[in-house]
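Report on the structure given below.
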Amino acid sequence: MFVYFEGKIAGMLGVSKATVRRWRNESLKDGVDYGLVEHGGRKYVAYTAAAAERVIKGISSTMGLEAADIALVLSSADVRPHGPEKEAEPSPVESVPACELEFAHKTYNPRIVMAYLPAAWLEEHGEAYGKRAGVDTAKKMRVRVKNSEHFIKGMVLESRWLQQDLWECTRRMPRWNGRW
C-alpha cells in the first residue's frame, strides 16, 4: 500500500525532507495517504502512489518541473531506503544426505573453506551426488562457514550440500584452534 518513501522523493526532487513534510501535513491524511513503515529496524514515512503523485506535482509546480520529470521521480522513488532486499540463500538439497567433510585449507574469503568428501560417503552416495552436482566428486569442495579462523587441517565438518560444489557447515564453529 505505502511504497513511495519520503526521503527518496525529497532526494529526487532536490528539496529537503522538511519541504516534503510541509506539503504532507498541509494536504494529506495520516493513515490514508501516508503512514509509518518499518524497514531494516528503522521507521520511515511512506506514501501511496496517488499521494506521492500529488506531493510531487504540488512541489514540482513551484519548481517548474514538466510531466516527464514527474514520471521519472515517481519511477525512482519507490526504491527501498537501504537498497534492494538480499538475494535468497540457496536451500539444501534433501535427496543428498548430510556428510562429514574433511577440512583441507582456508581460502582468501574467511567464510569459505575447502574440504574433501570422504571415500566411504562417495562409495555410498557418490553416484547420485555426482549426477546431481555435475562436478567431479574427487576434487575439493567449498564449504560455507561463519568464520574460518580456528579451523586446522584434518578437522571434520558436518555439512549439507547446497549446490554444485558448495556445501554448508551445519554445526557450531570451533572456539579454539582445532577444537570444537
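The values are calculated or read from the model by the stated rules, or taken from the named source; none is laboratory data. Computed from a prediction, not measured in an experiment: that's the story for all the values here. Note that we place each Cβ from the backbone using ideal geometry, even for glycine, and neighbour counts take in every protein chain shown.
Being touching a residue at least 24 places away in the same chain (Cβ under 8 Å) and surrounded by 14 or more Cβ atoms within 10 Å (Cβ to Cβ) is the filter here; which residues of the range 26-48 pass it? Within the range 26-48, LEU28, TYR34, GLY35, VAL37, TYR44, VAL45, ALA46, TYR47, THR48 meet the criteria. For MET114, state whether it is at negative phi, among the hydrophobic types (A, V, I, L, M, F, W, C), modelled with pLDDT of 70 or more and in contact with a Lys or Arg (Cβ under 6 Å, 6 or more places away or on another chain). The answer is yes for MET114. Name the single residue, out of those in the range 139-180 being of a type in the set (Phe, Trp, Tyr) and over 22 Å from PRO97 (Cβ atoms), that is farthest from the chain's Cα centre (by Cα). Out of the qualifying residues, it is TRP176.
This table checks each residue for (1) outside any loop (DSSP other than H, G, I, E, B); (2) in the same structural domain as TYR47 (by TED's automatic domain parsing); (3) out of contact with any Phe, Trp or Tyr (no Cβ under 6 Å at 6 or more places or on another chain); (4) modelled with pLDDT of 60 or more.
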residue: HIS82; (1), (2), (3), (4): no, no, yes, no
residue: ALA88; (1), (2), (3), (4): no, no, yes, no
residue: SER91; (1), (2), (3), (4): no, no, yes, yes
residue: TYR108; (1), (2), (3), (4): no, no, yes, yes
residue: HIS125; (1), (2), (3), (4): yes, no, yes, yes
residue: GLY130; (1), (2), (3), (4): yes, no, yes, yes
residue: THR137; (1), (2), (3), (4): no, no, yes, no
residue: ASN147; (1), (2), (3), (4): no, no, yes, yes
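From the set of residues in the range 1-50 that are among the hydrophobic types (A, V, I, L, M, F, W, C) and in a loop (DSSP other than H, G, I, E, B), which is nearest to THR62 (Cα to Cα)? Filtering the range 1-50 for residues that are among the hydrophobic types (A, V, I, L, M, F, W, C) and in a loop (DSSP other than H, G, I, E, B), the one nearest to THR62 (Cα to Cα) comes out as VAL15.
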